Structure formats: structure tokens, C-alpha cells
């Protein structure tokens with residue numbers, strides 16, 4: 001879930017013929033800097049609690065399972081708000097939208113300072129999820145504002161997508177100092193400070209307002225509420241399902257059924273409306289289904305870095321964030337480098353070529369990580385994680401640009417439908433990725449434990465010798481030989497568990513690499529199919545011309 005991008009938006013008239021006057025050249029860096037600030041403010045709000053659940057759960061008197069509800073409470077409202085924000089901004093104006101959004105976020109950040117227990121933390125995180133959604137929208141708008149219309153969907157989109165990747169590594173870099181400062185309150189004092197810093201930007205650096213249009217009708221509200229309930233239920237299921245285990249508690253099945261029922265009902269209602277909120281027919285077209293598959297694949301591969309690496313070093317190896325600082329600096333640096341390279345390549349009109357390179361880099365990085373052992377330290381992952389970070393920054397912008405172009409070609413109302421795709425694949429897709437790898441690691445750990453323990457028998461001389469070596473350190477304080485042997489067996493069991501965990505994480509990295517390779521093959525076949533289709537389309541006229 002961490003590092004996952006929040007809901008974003010784009011100027012509805014970005015492709016309109018009557019473009020606004022370009023931003024003065026001296027203001028371009030200011031708009032780009034403002035965009036970075038908005039993305040960081042939203043991203044830190046999303047990641048600070050998720051990345052530090054283990055460290056802060058004692059502060060709010062929560063178990064590990066209970067603390068996971070903090071992430072679920074944030075994501076439940078957050079995953080669907082982009083759908084509503086498109087029309088809200090068009091009807092009420094970008095200035096009013098920005099002012100209300102930032103004031104709401106400041107209030108939500110302030111409430112974090114008054115959290116005293118788990119229940120108050122869950123309520124505040126729910127409100128933060130609502131208040132944080134518009135900030136990435138504003139970050140996207142400010143980035144597009146900096147560029148002329150011809151560059152908005154190339155350079156602008158590329159830099160904006162790069163910004164969505166920065167908050168996750170920065171969160172891990174600043175967390176140790178913030179936790180030392182004041183645990184939960186230390187974390188969210190930074191969030192409130194950032195919220196107060198970005199507030200003046202709205203007044204000092206205004207966005208170009210698009211013309212207001214009355215686009216919200218009563219049917220839109222009904223459909224949005226159904227979609228919000230459905231997406232929110234899915235977010236809860238994928239946030240906590242692994243911890244409660246999928247088939248053990250009935251209410252997970254109830255939430256999943258509610259999600260399917262509400263989303264289906266929303267689709268049925270919109271199919272019968274003349275002006276639907278979500279164009280279901282376009283949503284199910286081959287072009288959009290292909291885009292959906294690409295975006296979902298990206299989230300599944302990217303979860304290797306945003307979820308698996310963090311839990312590997314925390315749970316299997318036992319390292320803290322300050323011991324991983326250089327690794328996160330490298331991830332941050334190569335995310336920026338990848339984003340800047342993608343900006344240059346997209347300005348030359350390259351698309352599938354960028355994704356091909358990105359998939360190769362992520363596949364190589366994942367397969368390198370699959371060789372992990374209990375002795376693997378961050379230094380051994382610098383190169384692999386640099387490849388994954390740069391690949392993630394390269395992969396997403398071409399798909400986003402293609403999605404925006406497809407929506408603009410159909411008309412501004414289709415932006416809402418596009419953001420259904422983007423929200424589902426990125427926000428919920430990120431949760432699916434984390435849940436998938438977390439579940440895979442648990443299952444594979446049980447498998448490896450069973451394989452290893454069936455060979456750990458005292459009848460084997462090397463096992464008895466190892467037990468004796470491990471128990472020797474307790475020989476001076478434990479005189480009973482049976483107790484001493486039991487202590488040695490307990491230490492050996494802990495080592496077996498650690499090895500099984502490490503092997504399970506290696507399997508997770510390997511699966512991420514396999515997904516990248518399969519995606520690479522599918523991309524190659526798709527490009528080959530388009531090439532053959534284009535050649536066949538021009539062959540008949542040439543044949544006719546050569547045989548008059």
C-alpha cells in the first residue's frame with residue numbers, strides 16, 4: 001500500500017482548442033515546486049502511519065492486527081474520491097475546490113495531534129483519507145499548469161507520475177527522527193507543517209480556472225455513493241484480510257459480497273441513464289480493458305519494492321529504517337532519474353519502447369532480489385532496487401498519457417470513467433499487490449518450514465552437533481542437561497523459521513520477476529500484432545496500384 005499514488009485529476013480543458021495563455025517562463029519552476037509539495041504532503045500523510053505501524057502501535061495501545069485498521073480507515077474513503085472530484089471541480093471552480101481541500105487537510109492534520117487511543121486514531125485516519133485525496137489532484141494540476149498544451153500529456157504527465165513515487169522512500173528516511181521526537185505526534189507534526197506550507201500556494205500561485213459547468217445531477221450522487229461503498233469495502237478486505245486470514249472470519253465475505261453488489265448496481269443504473277457518471281460500455285471496450293491490465297500489472301510488480309522489501313528487512317532480517325537509509329536514498333535518486341529519462345523519451349513520442357525497457361529493468365531487479373539469504377544486507381540490493389525504482393518511474397507515464405488521450409478524444413465527461421480505471425488499478429491495485437505478496441509469503445513460509453523441519457532430527461549427527469553448539473552458551477547457567485538440550489532445540493527452531501521466512505521472501509521476489517517477464521512477452525506480442533495489422537491495412541492499396 002505504501003508508495004502507492006493517490007487519486008489524481010487533470011484539467012478538463014487540457015486538450016481544448018482555446019488554450020489559456022502560457023505560464024511566464026520564470027513561474028514554471030514555481031509551479032513544478034508547488035506540485036512536488038502537494039504530492040509530498042499527500043504522500044507522507046498516506047505513508048507515515050503505514051510505514052511505522054510496528055513503532056506506533058504501543059502508543060495507541062493496539063495489537064498488530066488492530067493497527068492495520070489505520071491503513072484500512074485511510075484507504076476506504078480515499079480510493080473512490082477521484083471519481084467525485086472531477087465533477088466537483090468542474091461545477092464549483094478550481095479556486096473554491098483548492099481552498100476547501102487544503103483547509104480540510106489542515107484540520108485533519110491538526111486532529112492527528114489529539115489522537116490518544118486506537119479508536120480516535122481510526123476516526124482521524126478516516127477523515128485524513130477524505131481530506132488527503134484532493135491534494136494529489138492539486139499536485140497534478142499544478143504540474144500541468146507549468147507546461148504548454150502540447151507538453152501537458154508528455155512532460156507534464158511524466159513528471160507528475162514521478163512525484164507520486166517520491167513520498168514512500170522519503171517517509172522511511174525521515175521516520176526515525178520523527179519517532180524520536182514524539183512517536184505518533186512527531187510523525188503528524190510534520191504533516192501539519194507541510195499542510196500549512198502548501199496553503200499559501202493556492203493564493204500566491206493560482207491555477208487557470210476552467211469554465212464552470214453544471215454537471216452534477218442527483219443520479220450522479222447515487223451512483224457515486226454505490227461505487228464508494230463498493231471500493232471502500234474492497235479496500236478494507238485487502239487491507240486486513242491477510243491478517244485475519246481470508247476464509248477464517250465471515251465478515252470478510254460479507255464485505256466482498258457488498259462490494260460486488262454495490263458496484264454491479266451502480267453499473268446497471270448508469271447503463272440506463274442518458275448521461276451516466278461512468279460510461280460502462282466504454283469501460284468494457286478492448287482499449288480500456290487493455291489499459292486496465294497494464295496498470296494492474298504495474299502495481300503488482302511495483303509492490304515488490306513498496307511492500308516486500310520493507311517487510312523483508314523489518315521482519316526477516318530485523319533491521320530498522322536508520323540502517324536502511326542508504327537503500328532508500330538510492331531508491332529515491334533512481335526514481336527521480338527514471339522520471340527525468342522518461343520525460344525526455346516521451347517528448348520524442350516513444351511509448352511501448354519505454355515500457356519495454358522498464359519491464360526488462362524490473363524483471364532483472366526482481367530476479368536479483370530472489371537470491372536473498374539471511375546474510376543479505378542492504379548493500380547487496382543497491383543495484384537491484386535501483387533498477388526496480390527506475391523501471392517503475394519509466395513504466396507508468398506512457399500508460400497514463402494514453403489513458404488521458406483516449407478520454408479527451410471521447411470528451412471531458414469520459415474523464416470520470418478514466419479515473420474509475422486509474423483509481424481501481426492504482427489505489428485498490430496497490431492493496432491487492434500488498435495482500436497478494438503478503439499471503440504468498442505466509443503460504444511459502446509454511447511450506448519451507450515443513451520441508452526444513454522434517455530434516456531436523458536428533459538422530460542425525462550434524463543436527464545433534466548443532467543443538468549442542470547452540471546450547472553451549474547457556475551451559476554455565478543451566479545445569480540440567482534436558483533443559484539445556486531443550487534450549488538448544490528452541491534456538492535451532494528459531495533459525496529454521498528465519499531461514500523459511502527468507503526463502504519465502506525469495507519466492508515473492510521471483511514471482512514479481514515472473515510477472516514482469518510474462519508482461520514483457522505480452523507487450524512484445526501486442527506490438528508485433530499491431531505491426532502486422534498496420535502492414536496488412538496498407539497492402540491492398542499498394543497491390544491495386546501495382547496491378548491496374
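The values are calculated or read from the model by the stated rules, or taken from the named source; none is laboratory data. What you are looking at is a predicted structure, and each value in this text was computed from that prediction instead of being measured. So basically every Cβ, Gly included, is an ideal-geometry build from the backbone, and we count neighbours across all protein chains shown.
Being under 15 Å from residue 173 (Cα atoms) and crowded, with 20+ Cβ neighbours inside 10 Å narrows it down to one residue among 320, 327; which is it?
Checking each option against the conditions leaves just 327.
Would you mind stating whether residue 97 is under 23 Å from the mean Cα position of the chain (by Cα) and either more than 18 Å from residue 427 (Cβ to Cβ) or at pLDDT 80 or above (or both)? Taking the combined requirement at face value, the residue does not satisfy it. Every residue in the stretch 128-155 that is farther than 14 Å from residue 37 by Cα and either more than 20 Å from the chain's Cα centre (by Cα) or not in a helix (DSSP H, G or I) (or both), please. 144, 145, 146, 147, 148, 149, 150, 151, 152, 153, 154, 155, listed by residue number. Taking the criterion of being in a loop (DSSP other than H, G, I, E, B) and surrounded by 12 or more Cβ atoms within 10 Å (Cβ to Cβ), the residues of the stretch 246-270 that qualify are 246, 249. In the condition set (1) at pLDDT 80 or above; (2) farther than 19 Å from residue 157 by Cβ, residue 29 is compliant with all but (2). Could you go through the stretch 127-143 and let me know if any residue there is surrounded by fewer than 23 Cβ atoms within 10 Å (Cβ to Cβ) and on the phi > 0 side of the Ramachandran plot. Checking the stretch 127-143: not a single residue is surrounded by fewer than 23 Cβ atoms within 10 Å (Cβ to Cβ) and on the phi > 0 side of the Ramachandran plot. Listed by first and then second residue, the pairs with beta-carbon distance under 8 Å, at least 6 apart or on different chains, first residue in the stretch 58-78 and without any contact (Cβ under 8 Å) to a residue 24 or more places away in the chain, second surrounded by fewer than 24 Cβ atoms within 10 Å (Cβ to Cβ), are 63/57. Going through 212, 172, 185, 125 one at a time, which residue ends up being assigned to a loop (DSSP other than H, G, I, E, B), touching a residue at least 12 places away in the same chain (Cβ under 8 Å) and more than 24 Å from residue 27 (Cα to Cα)? Of the residues listed, the single one that is assigned to a loop (DSSP other than H, G, I, E, B), touching a residue at least 12 places away in the same chain (Cβ under 8 Å) and more than 24 Å from residue 27 (Cα to Cα) is 212.
The listed residues are 401, 434, and the only one of them that is under 14 Å from residue 309 (Cα atoms) and not assigned by TED's automatic domain parsing to the domain that holds residue 161 turns out to be 434. Here residue 319 meets the list (1) in a helix (DSSP H, G or I); (2) in the same structural domain as residue 404 (by TED's automatic domain parsing) almost entirely, failing just condition (1). Among the residues of the stretch 276-297, the ones that are in a loop (DSSP other than H, G, I, E, B) and either out of contact with any helix residue (DSSP H, G or I) (no Cβ under 8 Å at 6 or more places or on another chain) or without any contact (Cβ under 8 Å) to a residue 12 or more places away in the chain (or both) come to 2 in all.
Being in contact with a helix residue (DSSP H, G or I) (Cβ under 6 Å, 6 or more places away or on another chain) and either free of Cβ contacts under 8 Å to residues at least 12 places away in the same chain or part of a helix (DSSP H, G or I) (or both) is the filter here, so list the residues in the stretch 338-355 that pass it. Once the filter is applied, which keeps residues that are in contact with a helix residue (DSSP H, G or I) (Cβ under 6 Å, 6 or more places away or on another chain) and either free of Cβ contacts under 8 Å to residues at least 12 places away in the same chain or part of a helix (DSSP H, G or I) (or both), the stretch 338-355 yields 338, 339, 342, 343, 345, 346, 347, 352, 354, 355.
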